[in-house]
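Just below is one structure, and these are the notes that go with it.
The values are calculated or read from the model by the stated rules, or taken from the named source; none is laboratory data. Just so it is clear, the structure is predicted and the values come from calculations on it, not from any experiment. Only protein heavy atoms, including side chains, enter the accessible area calculation; ligands, DNA and RNA are left aside. Shrake-Rupley method; radii C 1.70, N 1.55, O 1.52, S 1.80 Å.
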Amino acid sequence: MTPPASGRETPLSRDEVVEAALELTRDVGLNRLTMRGLANALGVSPMATYHYVANKEELVQLVAGAVSADWPQLEPSELPWDEVLRQHVLQVWEALRRYPGLGSHLMGLPAAGITEGAVERAVAFFCAAGFPPSEAALAWSVTETYLHGRLSVDDLLSGETGPTRVDDLRARDYVEYAVDILIDGLQVRLTRARSSAAGRSG
C-alpha cells in the first residue's frame, strides 16, 4: 500500500482519485484537467497521484469510463423502441454535457470511443424493433452522429447566448426537438421496411 501522502492522515485510493478527476472535469472542463490540478484538489503532492494514474491520458480514460458506466445501454427492452431510444440519447447527452470537452474527446478517438460490443448491442436493438439488419446499422449510425455532433456544438457554445440561441429556449429543448425529429424519421423508415417485407411475403 502506498504510504500516506503529505498533508493526509490516510492513503489515497484509486476511487478517490477518479472522483476528484470527475469533479474537476465538471468544474473546469476536460481540456483544463491536469495532474497538478488533480493533486491540488486532493491536497497531495503531484507525485502522489502517479502511484494511481500513470499520466493524463490514463486519467482521461478513467473519467470517460466512469461517466459512460452511468448511462443506459441501447439494447432491446419491454418498452417501445422509440421510448428507449429517446431516453438513451437524452441521458447520454445529459451525462456528457456535465463534463465539458468529454464529448469532443470521444469524437477524436478511433470509432468515437465506441466498443465493438456496444455496436453489436445497438444493432441488435434496432433489429429487435423491426429494422432490417442493414438499416439497423444505419439507424444506429445516424443516432450516434447526431448525438456527438450536438455535444460538439455544445462544447463550442459553452452555454453562451447569441444568434444560435433563443432567450426562452434551453439547450435541452433543442435536443428534445431534434430527437423527436430523428425518431419520426426512423418511424417512417421502419414502416416502409415493414410494408416492403409484407409485400415480398405476400
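Remarks
- q = 0.17 Å⁻¹, the chain: log10 I(q)/I(0) [Debye, one scatterer per Cα]: -1.12
- Rolling a 1.4 Å probe across the protein heavy atoms gives the range 10-137 an accessible surface of 51 Å² per residue.
- Largest GNM mean-square fluctuation among Met107, Met35, Met47, using the chain with Cα springs under 10 Å: Met47.
- Of the solvent-accessible surface of the range 8-122, computed with a 1.4 Å probe and all protein chains present, 49% belongs to carbon and sulfur.
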